[in-house]
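K.L.:
Got a structure here, written out as structure tokens. Questions coming.
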Amino acid sequence: MRPPERWPLHPAPAATESLSSWLRRTATSYGMYSHQLLEHALGHRELSDAELDLNPPRYLLDELAKRTGLDQHRVQAMTMAGWVPWLFDSLTPAPDTYETYVHQFSVLLPPARRQIYTPRKWLPWLAETRVLRGCRECLESGPTILLFWQLPLMASCPVHRHRLETYEGHPADYIKWTTSVEDQRELPESLTLMDRRTWQAITTGSVDLPRRSVHAGVWFRLLRTLLDELSAPQGRYGQQLEEVRRVWDHCGHPFRAGLHSWQPFETLHWTRQQQLLEAAAAAMEMVEAGSLTALGTSAYLLRSEPKAPISSGTPPGSPTARAGTQKQPTLDELWNQVTATRDACIAAAKTDPVVAKHLFDFARYGCRSQESVRGLRDTFAELGIPLDFLSQTEG
């Protein structure tokens, strides 16, 4: 008997879920393992999770799309190959891959100070050894494994705002968390912001920076450039040495993450990769605040837009103009007052239930559905306001 072309059971893939994770969940629907599903349902030899998630045969992806009714591009997006050329220029290493990817931009250092390396078989973000990382809260709610947890792109979960932790096993069959105490540090706010921007790049295709929105491909390369600059040999810094040291002092980690000789970011242990990601986040925060000198040609993307006075249209020097400037605050001044008041309210709401309730009631004005109210509660949770304070706002 000919097997049916369309599988009756096939759970919908989660956003950014890896192919191996989706196949494992699909196979579980039939009481099978994923390698059994590949062999008996598709007649395909067993592939490791790493092979499935990196660049599986195209005909396998086409067959999976046909058996599940998913769009072919959606199936391919569960693999690294589906992120060429946004995240990777190519999955085939070339002699000039490092220079093309990492030296396209510059942030802290002028281009002339950068040393160009040509590591063999190098690909951005991909390590030779597979590291299993995940969000503990995400995996406690279900066995879905995200594709980007495999890459050292982020150090935290943007949904739960917790650090990603290393583990062994296959959720939900077996999982053993192996995160060291050193990797369970408090999450800096600057790292949370940077990881949210990375997540925005992954999920929307663009990132909102202080000056303008940039394509996801620009963000990935800008971040990788900054990681390279922060781990460059000390002799390359020149007059920027003290500025780079200030970044490392700010985030409380050893200079250059304790590296004695240069190594590509992808080859480092996860502990050092986290330190470099925290340093990159601190550098972005300091550049945006104007407290760090950045000499790179792309640093302007991270700086805040300079405040420009808005003219009232009255000719300069006229009595009306002089009177207006004495009595009327500028738009920037008014906006700064609003921003300061908002920040003060949020800070107070984190510790005062009464303030939290009043702030929630004010923000809820205009919410027309339960869905919008739930979205507002999620926003309060992201801001660090305890949801227990809002228990009296239900209804």
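K.L.:
Which residue, of Thr100, Thr92, is over 21 Å from His40 (Cβ atoms), without any contact (Cβ under 8 Å) to a residue 40 or more places away in the chain and part of a helix (DSSP H, G or I)?
P.N.:
Exactly one of Thr100, Thr92 is over 21 Å from His40 (Cβ atoms), without any contact (Cβ under 8 Å) to a residue 40 or more places away in the chain and part of a helix (DSSP H, G or I), namely Thr100.
K.L.:
How many residues does segment 269-301 hold that are part of a loop (DSSP other than H, G, I, E, B) and in contact with a Pro (Cβ under 8 Å, 6 or more places away or on another chain)?
P.N.:
3
K.L.:
Among the numbered criteria (1) open to solvent by 80 Å² or more (accessible area, probe 1.4 Å); (2) closer than 22 Å to Met80 by Cα; (3) assigned to a helix (DSSP H, G or I); (4) not polar (S, T, N, Q), which one does Arg120 miss?
P.N.:
Evaluating Arg120 over (1) open to solvent by 80 Å² or more (accessible area, probe 1.4 Å); (2) closer than 22 Å to Met80 by Cα; (3) assigned to a helix (DSSP H, G or I); (4) not polar (S, T, N, Q) leaves (3) as the failure.
K.L.:
Take the conditions in contact with a strand residue (DSSP E or B) (Cβ under 7 Å, 6 or more places away or on another chain), assigned to a loop (DSSP other than H, G, I, E, B) and aliphatic (A, V, I, L, M) and apply them to Val107. Does it pass?
P.N.:
Here the answer is no, as Val107 does not meet what is asked.
K.L.:
In segment 124-146, which residues are touching a helix residue (DSSP H, G or I) at 6+ places or on another chain (Cβ under 7 Å) and assigned to a loop (DSSP other than H, G, I, E, B)?
P.N.:
Pro124, Trp125, Leu126, Ala127, Arg130, Val131, Pro143, Thr144, Ile145
K.L.:
Are any residues in segment 171-187 assigned to a loop (DSSP other than H, G, I, E, B) and in contact with a strand residue (DSSP E or B) (Cβ under 7 Å, 6 or more places away or on another chain), and if so, which ones?
P.N.:
Thr178, Thr179, Leu187
K.L.:
Now, a different point. On the given criteria, is Gly31 open to solvent by 30 Å² or more (accessible area, probe 1.4 Å), free of Cβ contacts under 8 Å to residues at least 60 places away in the same chain and at positive phi?
P.N.:
In short, yes.
K.L.:
Hey, another quick one. Taking the conditions exactly as written (among the β-branched types (Val, Ile, Thr), part of a strand (DSSP E or B) and at negative phi), does Val214 satisfy them or not?
P.N.:
Criteria met by Val214.
K.L.:
Right, here's the next one. Restricting to segment 49-62, name every residue that is outside any helix (DSSP H, G or I) and free of Cβ contacts under 8 Å to residues at least 24 places away in the same chain.
P.N.:
Across segment 49-62, the qualifying residue is only Pro57.
K.L.:
Does segment 217-233 contain at least one residue that is within 20 Å of Pro111 (Cβ to Cβ) and over 21 Å from the mean Cα position of the chain (by Cα)?
P.N.:
yes
K.L.:
Shifting gears a bit: Name, by its number, the condition in (1) among the small types (Gly, Ala, Ser); (2) under 22 Å from Ile175 (Cβ atoms); (3) not in a loop (DSSP other than H, G, I, E, B) that does not hold for Ala41.
P.N.:
(2)
K.L.:
On to the next question. Looking for whichever is among the small types (Gly, Ala, Ser) and part of a loop (DSSP other than H, G, I, E, B) here; the options are Ser190, Ser261. Which one fits?
P.N.:
Only one candidate qualifies: Ser261.
K.L.:
Filter segment 190-204 down to residues that are out of contact with any strand residue (DSSP E or B) (no Cβ under 7 Å at 6 or more places or on another chain) and in contact (Cβ under 8 Å) with a residue 24 or more places away in the chain and give me whichever is surrounded by the most Cβ atoms within 10 Å (Cβ to Cβ).
P.N.:
Taking the candidates together, the pick is Met194.
K.L.:
Here is a follow-up. Which one of these is under 30 Å from Thr225 (Cβ atoms), surrounded by 18 or more Cβ atoms within 10 Å (Cβ to Cβ) and modelled with pLDDT of 90 or more: Trp86, Trp125?
P.N.:
Trp125
K.L.:
Go through segment 178-187 and give me each residue that's at pLDDT 85 or above and surrounded by 14 or more Cβ atoms within 10 Å (Cβ to Cβ).
P.N.:
Answer for segment 178-187, where residues must be at pLDDT 85 or above and surrounded by 14 or more Cβ atoms within 10 Å (Cβ to Cβ): just Leu187.
K.L.:
Among the residues of segment 63-89, which ones are part of a loop (DSSP other than H, G, I, E, B) and within 21 Å of the chain's Cα centre (by Cα)?
P.N.:
Ala77, Met78, Thr79, Val84, Pro85, Trp86, Leu87, Phe88, Asp89
K.L.:
Out of everything in segment 233-250 that is aliphatic (A, V, I, L, M) and open to solvent by less than 10 Å² (accessible area, probe 1.4 Å), what residue ends up being farthest from Ala280 (Cα to Cα)?
P.N.:
Out of the qualifying residues, it is Val244.
K.L.:
When segment 105-117 is examined, which residues are found to be open to solvent by 20 Å² or more (accessible area, probe 1.4 Å) and of a type in the set (A, V, I, L, M)?
P.N.:
Within segment 105-117, Ala112, Ile116 meet the criteria.
The values are calculated or read from the model by the stated rules, or taken from the named source; none is laboratory data. Note that this is a predicted model, so its numbers are computed, not measured. Glycine also receives a Cβ, built like all others from the backbone with ideal geometry; neighbour counts cover every protein chain displayed. Note: areas computed on protein heavy atoms with side chains; ligands, DNA, RNA excluded. Shrake-Rupley method; radii C 1.70, N 1.55, O 1.52, S 1.80 Å.
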